[in-house]
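The values are calculated or read from the model by the stated rules, or taken from the named source; none is laboratory data. Please read these numbers as outputs of a predicted model, since none were measured by experiment. Reconstructed Cβ throughout: ideal geometry from the backbone, glycine too, with neighbour counts over all protein chains shown. Ligands, DNA and RNA are excluded from the accessible area calculation, which covers all protein heavy atoms including side chains. Shrake-Rupley method; radii C 1.70, N 1.55, O 1.52, S 1.80 Å.
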Amino acid sequence: MLKIARKYVFVLLSVLCVMGIGGCGMQVDLSEIEDKAEETETEEAENHAITTPTDDNMIVVGVSQVGSESVWRSAHTDSIQNVFTKEEGYFMIFQNARQKQENQIKAIRSFISQQVDYIVISPITENGWDTVLQEAKDAGIPVILTDRKVNVEDKSLYTAWVGSNFVEEGQKAGRWLEQYLVEQNKQDEQINIVVLSGTEGSTAEMGRSAGFSYISQTHENWVVLESVNAEYTTAKGKEEMSKLLKKYNDIDVVVSQNDDMTFGALEAINEAGMTTGVNGDITMISFDGVKAALELVEQGIINVDVECNPQQGKYIARIIRRLRRGAPVERAFYVPEMVFTQENVSEYLGDRVY
Ligand code: AHR
């Protein structure tokens, strides 16, 4: 049904950073990577283009994004903004919640009052969505989740979800370590592990932690010394890794639940006079697979990077197209993902745009 005389403020985040970071060497200088991540956050917060829909036939989509904490997140935003374009008949209202669930809830309420056609959310954590999603349902607006999930009693409060298999990602990391230790003939040695985890209560953090634990529990000689929350950011990754290095002098493996935390952890490890990666003092396991990290995999500084695929926009758009023609949609769609090591990474680096 056409909605007449609707007026929307269209907040378009128009400048996104394509991260292309040069080589760093074994004693890596990661300040450039960190600077770029910070620049991205500032640009996303400040570059707004304001307009109103020009055509009542446009499909109006309200998008609530978690924030801009990581390179991955910027690529995810980019992928959504690339599909909901005017040329494709969309009018998108984009809200960056800056890591606050209350901002996401406010955004959803504002989408409801503006009578958008669809709401797309990447929820920061899983709990606390029942009331606002019920309001969206009562208003007859389909909700599509992307990236992370929600924990709601009534599953009909959202129509579909598109994202990563985070549990599988954690298991892939554990299985890679199993095989690596065998290759190094260290399968029977005590292996001391520290975990830098992401936002507590997020699907990504819970899934990766559970998946890795599933494997680590089967090895009595794997000792998880500590798991600390480093909030998916480079700054926190460095801060928490520095503390861990002061506390433990026998860390064998770092499991860092995203590349941004890994960049910070590498900086801390280098400052402590240690090396990482292939033939290094500490084995580095990372998640996401952004270009700057894959370059470090290629150089042997990160041992393995388990991919988390941010290119989810096209799958969300496909769901909307199906909903519009009354076709059934999958409740859960897992995006394809792989594992990168020094053996295979060069093949994929050339095509990496984020
Ligand atoms: O939910 C996906 C995670 O969130 C990515 O691993 C991380 O980089 C992001 O911020």
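Please give the calculated 222 nm ellipticity per residue for the chain, where each DSSP H segment of at least 4 residues contributes -39500 (n - 2.57) and the sum is spread over every residue; nearest 500 deg cm²/dmol?
My calculation for the chain gives -12000 deg cm²/dmol from helical runs alone.
Taking all protein chains together and a probe of 1.4 Å, list ARG98, ARG352, ARG208 from the most accessible to the least accessible.
ARG98, ARG352, ARG208
In degrees between 0 and 90, to the nearest 10, how far off the longest principal axis of the chain does helix 101-113 point, with axes built from Cα atoms?
20
Taking amide hydrogens as modeled 1.01 Å from N in the peptide plane, which residues meet the under 5 Å criterion relative to TYR232, leaving out close sequence neighbours?
Residues meeting the criterion, in which the H sits 1.01 Å from N, are THR199.
Among DSSP beta bridges lying fully in the chain, give the percent that are antiparallel, nearest 5.
10
Cα gyration tensor of region 102-228, axes a ≥ b ≥ c as square roots of the eigenvalues: rounded (a/c below 1.5), prolate (a/b > b/c) or oblate?
prolate
What FRET efficiency would be calculated for the residue pair VAL339, GLU271, taking the C-beta separation as r and a Förster radius of 25 Å, to the nearest 0.05?
0.30
Give me a comma-separated list of calculated 3J(HN,Hα) values for region 341-348, in order, Karplus coefficients 6.51, -1.76, 1.60 applied at θ = phi - 60°, integers in Hz, x for any Gly or Pro.
Listing the rounded values in order: 10, 4, 5, 10, 5, 4, 4, 9 Hz.
Count charges around TYR248 for me, please; just the other residues with Cβ under 15 Å from its Cβ, Lys/Arg as +1, Asp/Glu as -1.
-2
Leaving out ligands and nucleic acids, and using a 1.4 Å probe, what accessible area per residue does the chain come to in Å²?
On a per-residue basis, the chain sits at 43 Å².
Quick check: from the Cα gyration tensor, does region 178-302 come out rounded (a/c under 1.5), prolate or oblate?
rounded
Any idea what angle helix 203-216 forms with the longest principal axis of the chain, computed on alpha-carbon atoms, 0 to 90 degrees, nearest 10?
Rounded to the nearest ten degrees, it is 30.
For region 266-277, just list the computed ³J(HN,Hα) in residue order, Karplus coefficients 6.51, -1.76 and 1.60, θ = phi - 60°, integers in Hz, with x standing in for Gly and Pro.
Going residue by residue, I get 4, 4, 4, 5, 4, 5, 7, x, 10, 10, 10, x Hz, with x marking Gly and Pro.
Longest span of the chain, sites excluded, free of GluC sites (Glu not before Pro) in DSSP loop with at most 14 other C-beta atoms within 10 Å?
Formally, the longest exposed-site-free interval is 221-329.
Determine the shape class of region 59-153: with a ≥ b ≥ c the square roots of the Cα gyration tensor eigenvalues, call it rounded for a/c under 1.5, and otherwise prolate if a/b is greater than b/c, oblate otherwise.
Oblate, since a/c reaches 1.5 and b/c is not below a/b.
Once neighbouring chains are kept in place and the probe is 1.4 Å, which whole percent of the accessible area of the chain is contributed by carbon and sulfur?
About 47 percent, which is the carbon plus sulfur part of the accessible surface.
Measuring from the lowest to the highest alpha carbon on each principal axis, how far does the chain reach, largest first, in angstroms?
68, 39, 35
Using alpha carbons only, how many angstrom separate the centre of region 270-319 from the centre of region 173-193?
For region 270-319 versus region 173-193, the Cα centre distance is 19 Å.
Taking amide hydrogens as modeled 1.01 Å from N in the peptide plane, which residues meet the under 5 Å criterion relative to VAL60, leaving out close sequence neighbours?
Residues meeting the criterion, in which the H sits 1.01 Å from N, are PHE91, ASP117, TYR118.
Using θ = phi - 60° and the Karplus relation 6.51 cos²θ - 1.76 cosθ + 1.60, list the HN-Hα couplings for region 132-149 in order, rounded to whole Hz, with x at every Gly or Pro.
Residue by residue, region 132-149 yields 5, 6, 5, 4, 5, 5, 4, 7, x, 9, x, 10, 10, 8, 9, 6, 9, 10 Hz.
List the residues whose amide H sits under 5 Å from the amide H of SER227, counting only those 5 or more places along or on another chain, with H placed 1.01 Å from N in the peptide plane.
Excluding prolines and chain starts, which carry no amide H, the hits are VAL195.
Compute the relative contact order of the chain as a whole-number percentage, counting only Cα pairs closer than 8 Å that sit 6 or more residues apart in sequence.
With pairs under 8 Å counted, the relative contact order is 18 percent.
Say we join alpha carbon atoms closer than 10 Å with springs in a Gaussian network model of the chain; which of VAL132, VAL306, VAL63 then has the biggest fluctuation?
VAL132
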